[in-house]
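Read through the structure below, which is laid out as structure tokens, and then see the notes.
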Amino acid sequence: MSQYQVIILTAGYGKRMRPLTYTTHKTLLKIGDKTVIQRMIDALLELNLTDINIVTGYQETEIKNYLEQTYPNLEINYIHNQRYAETNNVYSLALALQKISISKDIILIESDLIFDSSVLERLLKSPRGNIALVDHYSSGMDGTVVTVDPEKDIITNIIPPHLQGSNFDFKDKYKTLNIYKFERDFCQSILQPILVYYTQNFESNSYYELILGILIYLRRVDIFAEILQGEKWAEIDDPNDLKIAQFIFDKSSQKKILDSSFGGYWNYDILDYCFLRNMYFPDSSILSDLKNNLANLLHNYGSTQTIVNQKMATYLLCDENRVITLNGASQIYPLLSEYLIGKQVLIPAPSFGEYQRIFPQAITYSDQVGTDTQEIIEKSKNCEVIVIVNPNNPTGTTLKTDWIYNFALINPDKLLIIDESFIEFSSETSILSQLEINPLSNVILIKSLSKVLGVPGLRLGYIYSSKPEIVNWISQKIPIWNLNSLAEYFLEIILKYRDEISDSFTKTMDDRTRFSAQLQTLPFVEKVYPSGGNFILVSLNCDPNFKENLIQSLLSVHNIYVKDVSSKFTDEKTYLRLAVRNTTDNDRFINCVQKVWEAKDQVLL
């Protein structure tokens with residue numbers, strides 16, 4: 001017989017989950033191969049919690065029919081909240097405590113949760129009476145938060161969402177899971193009477209957490225915080241939460257979710273070795289500056305493109321008439337495709353995928369030849385446009401800047417597109433300084449600043465040319481407000497941090513050297529290629545099954561996401577491109593890879 005009575009609140013409509021809840025209750029939405037309510041009931045049954053009471057409201061018949069079909073031998077008590085459209089969880093809980101005969105301690109669960117049974121185990125194993133499950137607050141969480149006395153583990157304050165103002169500080173706060181264990185006597189003598197009185201005489205469209213907060217304030221009850229230590233759970237309030245929950249609870253879908261997202265990784269607890277950014281910039285003082293000015297920046301339009309170009313030129317120390325600030329370097333690719341339509345183009349292979357996409361008919365030269373430039377010279381004879389990515393991505397191959405400049409100088413009839421998105425991490429200097437002194441009208445310089453300045457979320461880049469025709473044509477394609485205010489302000493304040501920016505490049509190169517040496521010690525690494533970027537290309541000498549197991553295990557077991565670039569090469573070898581992060585992250589990466597290798601025989605069996 002179950003030791004507890006379980007109350008699950010499912011009456012709500014789930015407005016934030018629209019449009020998915022127009023015809024389906026949100027507990028019947030699927031995460032992987034199971035619905036939300038099925039995952040919840042399964043976790044309860046796994047711990048022999050069979051005395052289940054469900055408060056219904058919206059789509060009551062749908063929920064009952066589903067549960068009766070899914071659990072034909074499970075007797076569930078249903079309490080219907082007819083006023084679900086005009087009430088909130090305070091009314092549903094009051095109704096439940098009125099309708100059931102409280103004979104045991106109560107476990108209260110909100111229906112918009114997914115959790116492992118280990119979460120409930122922590123609740124059940126605690127010797128304390130009245131308990132709230134809480135977790136360390138992190139970005140992306142919303143809902144009720146609490147403060148906790150660190151010595152006694154007693155909740156000192158409960159703050160529902162409507163009491164979290166614009167200046168609310170989430171530091172040292174904990175997020176409630178909305179899973180509680182309440183003692184029978186507390187429910188009978190205090191909680192049930194006050195909930196009923198409150199809903200009958202004040203309001204029924206509020207949160208029961210408000211009442212718990214009042215009881216704590218009046219010292220009528222001690223509610224202890226049971227703080228999770230890594231147990232898996234997710235709250236699903238909106239459609240985006242569904243994808244996050246899918247990532248957490250359906251390991252087989254993780255790589256597909258990340259591969260198709262191309263970003264937005266703040267939603268996922270991963271160590272990202274796929275996408276590239278400077279780990280040492282911006283520093284804490286710049287982030288503090290941005291944070292302190294965030295409201296003002298959000299409330300104001302950015303400047304016109306002309307002024308933003310001037311600010312970019314100030315940072316670059318170049319002629320403002322030659323530079324166009326971009327909303328990320330990716331903005332320029334469709335414009336280049338349009339501008340160069342019908343031209344015969346030469347591009348490196350492998351390289352950044354956008355060049356193959358916008359120039360599908362391009363001739364390619366092999367970047368696998370390293371710094372041997374003879375193939376570029378020979379194949380460029382039949383081409384009008386030559387693309388040089390320096391350093392190249394994903395190989396890290398870096399050409400001499402002087403060679404590129406001289407090649408452009410002696411080939412004035414060829415248009416050179418030079419992509420220097422990683423140049424600061426190499427031993428070469430940007431060609432821009434030479435072009436400022438001795439301009440060449442047949443050169444277009446492209447630059448993504450996300451990689452070198454560590455701000456991919458701001459979308460910053462530029463294109464540079466000393467040919468007015470090119471600058472004017474592109475300028476006409478750029479909207480008057482092309483950059484957001486936050487990115488523009490960032491351009492202003494980094495002028496004070498030139499030394500710190502330079503130091504960040506040095507630190508990254510030091511980390512790259514150290515990380516390369518560590519990778520070379522791994523038994524399945526065939527070669528670690530020299531790199532001029534903040535990434536490293538490695539080829540593997542291993543069974544194809546191990547490669548797949550390595551990538552999957554790093555993600556599903558160790559939360560590390562890596563990029564397989566094998567498809568970019570033609571030699572049928574296995575290649576990984578690994579971001580260079582900081583020393584701590586790189587050590588963790590090596591340690592986790594070694595664990596996967598040591599377990600390979602067991603896994604492959």
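Assigned to a loop (DSSP other than H, G, I, E, B), closer than 22 Å to Asp238 by Cα and under 33 Å from the mean Cα position of the chain (by Cα) - does that describe any residue in the range 112-132?
Our first condition is that a residue be assigned to a loop (DSSP other than H, G, I, E, B); within the range 112-132, this holds for 112, 116, 126-130.
Filter once more, so that each one left must be closer than 22 Å to Asp238 by Cα: 112, 116.
In the following step, the residues that additionally are under 33 Å from the mean Cα position of the chain (by Cα) were identified as 112, 116.
So far as the range 112-132 goes, yes, one or more of its residues are assigned to a loop (DSSP other than H, G, I, E, B), closer than 22 Å to Asp238 by Cα and under 33 Å from the mean Cα position of the chain (by Cα).
Just give me the residues in the range 483-515 being in contact with a strand residue (DSSP E or B) (Cβ under 7 Å, 6 or more places away or on another chain) and either within 19 Å of Leu445 (Cβ to Cβ) or open to solvent by 50 Å² or more (accessible area, probe 1.4 Å) (or both), in sequence order.
The first filter runs over the range 483-515 and keeps only residues in contact with a strand residue (DSSP E or B) (Cβ under 7 Å, 6 or more places away or on another chain), leaving 483, 512, 515.
Selection gives Leu483 alone.
Give the residues of the range 239-256 that are under 22 Å from Asp116 (Cα atoms), open to solvent by 20 Å² or more (accessible area, probe 1.4 Å) and not small (Gly, Ala, Ser), sorted by residue number.
Within the range 239-256, Pro239, Asn240, Asp241, Leu242, Lys243, Ile244, Gln246, Ile248, Phe249, Asp250, Lys251, Lys255 meet the criteria.
Hey, among Ile332, Ile363, which residue is open to solvent by less than 40 Å² (accessible area, probe 1.4 Å) and of a type in the set (Val, Ile, Thr)? Steps first, answer last, please.
Values: Ile363 fails: open to solvent by less than 40 Å² (accessible area, probe 1.4 Å).
Going through Ile332, Ile363 in turn, the sole match is Ile332.
If a residue must be over 15 Å from Leu340 (Cβ atoms), without any contact (Cβ under 8 Å) to a residue 60 or more places away in the chain and assigned to a loop (DSSP other than H, G, I, E, B), how many such residues does the range 393-419 contain?
As a first pass, look at the range 393-419 and keep what is over 15 Å from Leu340 (Cβ atoms): 393-412.
This time we only want the ones that are without any contact (Cβ under 8 Å) to a residue 60 or more places away in the chain, so: 399-412.
Then drop every residue that is not assigned to a loop (DSSP other than H, G, I, E, B), which leaves 399-400, 411-412.
Looking only at that region, the number is 4.
Examine the range 388-401 for a residue that is in contact with a Pro (Cβ under 9 Å, 6 or more places away or on another chain) and within 27 Å of Glu469 (Cα to Cα), and state whether such a residue exists.
Of all residues in the range 388-401, those in contact with a Pro (Cβ under 9 Å, 6 or more places away or on another chain) come to 388-389, 392-399.
Applying the additional criterion that residues be within 27 Å of Glu469 (Cα to Cα) yields 388-389.
Checked against the condition, which is being in contact with a Pro (Cβ under 9 Å, 6 or more places away or on another chain) and within 27 Å of Glu469 (Cα to Cα), the range 388-401 yields at least one hit.
Check every one of the helices (runs of 4 or more DSSP H) wholly within the range 537-605 and list those with 3 or more residues that are within 16 Å of Asp259 (Cα to Cα). Spell out the reasoning first.
Values: elements: 544-556, 583-598, 600-604.
Here the list reads 544-556.
What's the total number of residues in the range 437-466 that are charged (D, E, K, R), at negative phi and open to solvent by 10 Å² or more (accessible area, probe 1.4 Å)? Working first, answer last.
Just the residues of the range 437-466 that are charged (D, E, K, R), to begin with: 447, 451, 459.
Narrowing the set further to residues that are at negative phi leaves 447, 451.
Then drop every residue that is not open to solvent by 10 Å² or more (accessible area, probe 1.4 Å), which leaves 451.
Total satisfying the criteria: 1.
Among the candidates Ser485, Ser504, which residue alone is under 16 Å from Met279 (Cβ atoms), within 24 Å of the chain's Cα centre (by Cα) and among the hydroxyl-bearing types (Ser, Thr, Tyr)?
Values: Ser485 fails: under 16 Å from Met279 (Cβ atoms).
Unique residue meeting the criteria: Ser504.
Only one of (1) farther than 23 Å from Thr306 by Cα; (2) within 28 Å of the chain's Cα centre (by Cα) fails for Thr429. Which number is that?
Evaluating Thr429 over (1) farther than 23 Å from Thr306 by Cα; (2) within 28 Å of the chain's Cα centre (by Cα) leaves (2) as the failure.
For the structure I just gave you, tell me whether Tyr58 is closer than 16 Å to Asn89 by Cβ, in contact with a Phe, Trp or Tyr (Cβ under 7 Å, 6 or more places away or on another chain), open to solvent by 50 Å² or more (accessible area, probe 1.4 Å) and not hydrophobic (A, V, I, L, M, F, W, C). Lay out the reasoning, then the answer.
Details: closer than 16 Å to Asn89 by Cβ: yes; in contact with a Phe, Trp or Tyr (Cβ under 7 Å, 6 or more places away or on another chain): yes; open to solvent by 50 Å² or more (accessible area, probe 1.4 Å): no; not hydrophobic (A, V, I, L, M, F, W, C): yes.
Criteria not met by Tyr58.
Residue-by-condition table, conditions (1) under 26 Å from Val452 (Cα atoms); (2) open to solvent by less than 70 Å² (accessible area, probe 1.4 Å); (3) touching an Asp or Glu at 6+ places or on another chain (Cβ under 8 Å); (4) part of a helix (DSSP H, G or I):
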residue	(1), (2), (3), (4)
Ile286	yes, yes, no, yes
Tyr315	yes, yes, no, yes
Thr325	yes, yes, no, no
Gln356	yes, no, no, yes
Ile377	no, yes, no, yes
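What is the number of the single condition among (1) open to solvent by less than 10 Å² (accessible area, probe 1.4 Å); (2) closer than 26 Å to Asn392 by Cβ that Leu555 does not meet?
It is condition (2) that Leu555 fails.
What single numbered condition from (1) free of Cβ contacts under 8 Å to residues at least 24 places away in the same chain; (2) of a type outside the set (S, T, N, Q); (3) buried (at least 22 other Cβ atoms within 10 Å of the Cβ) fails to hold for Val387?
The failed condition is (1).
When you look at Ser101, is it loosely packed, with under 15 Cβ neighbours inside 10 Å, more than 36 Å from the chain's Cα centre (by Cα) and on the phi < 0 side of the Ramachandran plot, yes or no? Steps first, please.
Working: loosely packed, with under 15 Cβ neighbours inside 10 Å: yes; more than 36 Å from the chain's Cα centre (by Cα): yes; on the phi < 0 side of the Ramachandran plot: yes.
Answer is yes for this residue.
May I ask you to list pairs of residues, at least six apart or on different chains, whose Cβ atoms are under 9 Å apart, with the first in the range 191-212 being under 24 Å from Val134 (Cα atoms) and in contact (Cβ under 8 Å) with a residue 12 or more places away in the chain and the second being of a type in the set (Phe, Trp, Tyr) and open to solvent by less than 10 Å² (accessible area, probe 1.4 Å)?
Sorted first by the residue in the range 191-212, then by its partner, the pairs are Leu191/Phe182; Leu191/Tyr208; Leu195/Tyr208; Leu212/Tyr180.
The values are calculated or read from the model by the stated rules, or taken from the named source; none is laboratory data. No experiment lies behind these values; they were computed from the predicted model shown. Neighbour counts run over all protein chains shown; Cβ positions are idealised from the backbone, glycine included. Accessible surface is based on the protein model in full, side chains and every heavy atom, while ligands, DNA and RNA are left aside. Shrake-Rupley method; radii C 1.70, N 1.55, O 1.52, S 1.80 Å.
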